[in-house]
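Below: the structure, in structure tokens.
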Amino acid sequence: MATPSTAQPETTGAVLEYQGKTLALPVVTGTEAESAVDIQALRAKTGLITLDPGFGNSGSCRSAITFIDGDQGILRYRGYDIAELAEKSTFLEVAWLLINGELPTRDQLSEFVNEITHHSLLHENFRNFYNALPKDAHPMPVCMSAVATLAAFYQQPESDEVTRENVVRLIAKMPTIAAWTYKHLIGQPFVYPRNDFDYSANFLHMMFATPAETYRVDPVLAKAIDQMFILHADHEQNCSTSTVRVVGSSRANVFASISAGIGALWGPLHGGANQQVIEMLERIDAEGGDVQRFVDRAKDKKDNSRLMGFGHRVYKNYDPRAALCKRTCNEVLNKLGMNNRLLEIAMKLEDIALHDEYFISHKLYPNVDFYSGIIFKALGIPIQAFTVMFTIGRLPGWIAHFLEMRKDPDTRIARPRQIYTGATQRSYVPLEARR
Ligand code: ACO
């Protein structure tokens, strides 16, 4: 497994002046010339900490996995452009790349694919796990719990080899967990994986086949799903990936750490946004299709609504995944011969927002979730399960970061500090004396 790049401190640094004293702080530069002030000595030397809610200015680690330039709309995994990978690669090849740092050779890829293919079954006791859940259980807590439960099935003490095996298990079983979660939701029998299908075709098979009739996996749709997984495979230190790193920094195992990441991804401001996009489009449709009114509400500070699927913490010009996703979206809808009303509303919304002064000045553009929701809806995936698609895609990225964090000699248990704003010391008031 690859180790993080060791960017060296530059000779010139930054200087902090505080209470008449100066402190020289080294500046660290990465391979793409991004620079950071290294403040590791700050508290010891000055008693100060930094305050950066949402971590918008804070680097938490050095990482050699993914490079993003939000202003230029660049996304690269291990140096390879996302558009090239989405066009030429497969999801499992990209997973190998993220985890190992290099594209696999033919032999490495075939061995990896073979391993993944032969670890896709869940232990039969998992049937009881699903049966214990309410019929309408939301797929995200189900996936979170299922991944955490894998830790109960694979309890060997941690070693490099055990972690490697667990990584294979996770990637292999995630589509089965996701598909069985869906089957549980709709009350259909679980469908077992088939080793003669590739990763994404097998996933569609487990999702949509039933014992009652033959289900033919459409290669165009399988390819679209595979591309969607590639587009979601990593996005450097986002909320869920940082969660995986934070949890893993306590030496929690890979299953527990990834399960926590799934919890973070569930949030509507993160992976939950693709579900919210469709709900928003349905709401606009139900209210008569007045797109302009909805855009006006999203701009109104007194109104809480936002245009879901618009805006990004990092991309301020365009989201390169959104452009690719839009193309896949058109291919899928053409293939399925769909002229979807929601898509019409989405296109109108996109058009109005892209020409609206508020969205232009706030640098708000459609993000990947804007189109992915439409693709998943067209494929027949229920909206509660959208974020599960994202989960399968993001898994290799989480794993790569977990492994990188564990190998990084700078890793310490994550433990931010705070500025306390509560009451200062006071005496305990007995219950009878409280008003
Ligand atoms: N609609 C309307 N206004 C918006 C939107 C939006 N979608 N997003 C941001 N704004 C406005 C805010 O009101 C704020 O305005 P102000 O400066 O006038 O007060 C300004 O833009 C900055 O917004 P922040 O929330 O501070 O930006 P931040 O970088 O923290 O948030 C986020 C980014 C969470 C993605 C935000 O744009 C948002 O909520 N988008 C909708 C949810 C969404 O699509 N999430 C998916 C993200 S992609 C992913 O996770 C794969």
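The values are calculated or read from the model by the stated rules, or taken from the named source; none is laboratory data. On a predicted model such as this, the values are computed, not experimentally measured, just so you know. With ideal geometry, Cβ positions are generated from the backbone for all residues, glycine too; neighbour counts draw on all protein chains shown. These accessible areas exclude ligands, DNA and RNA; they are computed on the full protein's heavy atoms, side chains included. Shrake-Rupley method; radii C 1.70, N 1.55, O 1.52, S 1.80 Å.
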Working out 0.36 nm times the residue gap between E165 and E282, then minus their Cα-Cα distance, what length gain in nm do you get to one decimal?
37.8 nm
Please list W96, W266 from largest to smallest accessible area, probe radius 1.4 Å, with all protein chains kept in place.
W266, W96
Residue-normalised 222 nm signal for the chain, counting each DSSP H run of n ≥ 4 as -39,500 (n - 2.57), nearest 500 deg cm²/dmol, is -16000 deg cm²/dmol
Probe 1.4 Å, protein heavy atoms only - accessible area per residue of the chain in square angstrom:
51 Å²
Quick one, can you get me the convex hull of the C-alpha atoms of the chain expressed as volume per residue in Å³?
218 Å³
Given 0.36 nm per residue, what is the gain on full extension from Y192 to A433 after removing their alpha carbon distance, in nm?
80.3 nm
Suppose R0 equals 22 Å. What FRET efficiency, 1/(1 + (r/R0)^6) with r the Cβ-Cβ distance, do D290 and R327 give to the nearest 0.05?
0.15
Roughly how many Å² of H123 are accessible to a 1.4 Å probe, to the nearest 10?
90 Å²
Just to be sure I understand the model, the point goes 7 Å from the Cα along the line to the Cβ. What's the resulting R62 to A24 distance in nm?
2.0 nm
With N set to the residue count of region 161-202, report its C-alpha Rg divided by 2.2 N^0.38 Å to two decimal places.
1.32
Scalar couplings 3J(HN,Hα) for region 219-231 by Karplus 6.51 cos²θ - 1.76 cosθ + 1.60 (θ = phi - 60°), nearest whole Hz, x for Gly and Pro, are x, 5, 6, 5, 5, 4, 5, 4, 5, 4, 4, 4, 5
Using only alpha carbon pairs under 8 Å that are at least six residues apart, calculate the relative contact order of region 110-268 and give it in whole percent.
28 percent
In whole Hz and in residue order, list the ³J(HN,Hα) couplings for region 120-129 that follow from phi through the Karplus curve 6.51 cos²θ - 1.76 cosθ + 1.60, θ = phi - 60°; x for Gly and Pro.
7, 6, 8, 3, 4, 5, 4, 4, 5, 4
For I49 and Y80 in the same chain, what is the full-extension length gain: residue separation times 0.36 nm, less their Cα-Cα distance, in nm?
7.5 nm
Rough spin-label spacing in nm, given labels placed 7 Å along Cα→Cβ, for D300 and N317:
3.5 nm
Which shape class applies to region 326-417: rounded if a/c is under 1.5, otherwise prolate when a/b exceeds b/c and oblate if not, where a ≥ b ≥ c are the square roots of the Cα gyration tensor eigenvalues?
oblate
Scoring region 284-435 by relative contact order with C-alpha pairs under 8 Å, at least six apart, yields a percentage of 25 percent
Those lysines that a straight Cα-Cα span of less than 24 Å connects to K88, excepting residues fewer than 8 apart in one chain
K223, K326, K335
Output ³J(HN,Hα) for region 73-85: one whole-Hz value per residue in order, computed from phi by the Karplus curve 6.51 cos²θ - 1.76 cosθ + 1.60 with θ = phi - 60°, and x for Gly and Pro.
x, 9, 9, 10, 9, 6, x, 8, 5, 4, 5, 5, 5
Would you mind calculating the relative contact order of the chain from Cα pairs under 8 angstrom and at least 6 residues apart, reporting the percent as a whole number?
20 percent
Pair H362, R412: separation of 7 Å Cα→Cβ label points (nm)
3.8 nm
Filter on K377/K407; K316/K377; K316/K407 - keep pairs with C-alpha separation over 29 Å:
K377/K407; K316/K407
